[in-house]
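I have placed the structure first, in the form of structure tokens, so that the comments after it can refer back to it.
Throughout, read-outs are computed from the coordinates displayed, never taken from laboratory work. Remember, predicted model here, so these are calculated numbers, not experimental data. No Cβ is skipped: glycine too gets one built from the backbone with ideal geometry, and neighbour counts run over all protein chains shown.
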Amino acid sequence: MTANNSNGTKKLLDYWEKPPEAGEPLGCLSTSYTFNAAHFEEQCLARFVGCSTTLEEDDVLFRVDLETRLSQLDAAAVFVDQHKANGIRNLRWDLIPVRVPQGVLHAKLSVLCWRDWIRLIVASANLTPDGYRRNNEIFASIDYYRDAVAPRSLLNSTFEFYRKLMDVYTTVNKERESKILAFLDREKDASSKWNIREPEGGLDYNLGIVWPDKKDKKDNGRFISKKRHIYKDDRGMTWEVDVFSSGVHIIVAEVELPKKNFKLKIPKFIDDVMLLEVTELKQFSNRNLSNKIN
């Protein structure tokens, strides 16, 4: 087990909020195929910078607070496929159209940087209300901080991914380009000094799933959150151990057998606490478990 956990967080928007020991927000970059500017600014960015009030509580105070906090960021930008890059603009963050020859930008990747913490969010969801609240989506997050256990190569690849977007697939003015590239360089350099340890025998990450819920008038959907531990046993079998952290408090271990009638050896740490074989029990599917939450 690592400290790389969700602390009971269950909704995708919650992962935009600052972890307790993260420090002040420095900047964030995101990609999306379709895009809703109001959702990105009022929901995602507002959580990232830690607004003290919400749009529903006080519209004017929220706007002033958000503008003030956004003005203090080193960079904030969202890269959107050129055919979908429309909507309101804000001088505090950049909406950057991406042109992929003979294709589209379909990646949904966000990197959120605070002074002492970096979070990667990989999702099927676009930066829209439907993607975050109404559609059937899946997302995962990995946290980086001093003494974290996480793959450094994945973090560095994320920085390079955004550099390539800037260098190859976008056309922006030099000032905006320099600002974002400098931000990427600073974050890569700062995180290189952290004592990040490579995972041994597997990777832990936070996994969340959302389904639409037509009965929910607020369109919040049904969410389920779990932390997934990837473990390879001494026979080379890969086990996925899911620790559910929202509503249902169970642990489910899964392994894919190479052939029928394969004689499986269950690792001791699983065998010691195993209560029930659930392979054929549909009530333990993610969808049915989510019904136990909301």
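Rounded if a/c is under 1.5, else prolate if a/b is larger than b/c, else oblate: which is segment 12-192, with a ≥ b ≥ c the root eigenvalues of its Cα gyration tensor?
Numbers: a/c = 1.27, a/b = 1.05, b/c = 1.22.
It comes out rounded by the Cα gyration axes.
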Based on Cβ point charges of +1 for Lys and Arg and -1 for Asp and Glu, what charge dipole magnitude is obtained for segment 12-192 about its Cα centre, in debye rounded to the nearest 20? 640
Please report, for the Cα atoms of segment 91-205, the Rg to one decimal and the Dmax as a whole number; what are they, in angstrom? 15.6, 45
Where Lys and Arg each count +1 and Asp and Glu each count -1, what net charge lies around F79 among other residues with Cβ under 13 Å from its Cβ? +2
Run the simple label-point estimate for E177 and E256 please: 7 Å along Cα→C-beta, distance reported in nm. 4.2
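For L165, L45, L154, what's the fewest-to-most ordering of other Cβ within 10 Å of each Cβ? Let's see the in-between values first.
Working: L165 20, L45 24, L154 14.
Fewest to most other Cβ atoms nearby, the residues stand as L154, L165, L45.
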In what sequence do Y144, Y231 fall when counting other Cβ within 10 Å, fewest first? Y231, Y144
Hey, which of these cross-link pairs are over 32 Å Cα-Cα: K188/K268; K193/K268; K227/K259? K188/K268; K193/K268
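Expected output is a single nm value to one decimal: the length gained when fully extending between K268 and R235, i.e. 0.36 nm times separation in residues minus the C-alpha distance. What is it?
That works out to 10.5 nm of additional length.
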Counted charge near V100, where neighbours are those whose Cβ lies closer than 13 Å (Asp, Glu -1; Lys, Arg +1): +2
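Run the numbers on segment 51-114 and let me know its relative contact order in percent, using alpha-carbon pairs under 8 Å that are six or more apart. Numbers along the way, then the final one.
Working: 54 pairs, mean separation 15.7, N = 64.
The normalised contact order for segment 51-114 reaches 24 percent.
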Just grab the label-to-label distance for Q72 and S157, each label 7 Å out from Cα along the Cβ direction, in nm (one decimal). 3.5
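Just rank S141, S71, fewest to most, by other beta-carbon atoms within 10 angstrom.
Values: S141 23, S71 10.
In order of increasing Cβ crowding within 10 Å: S71, S141.
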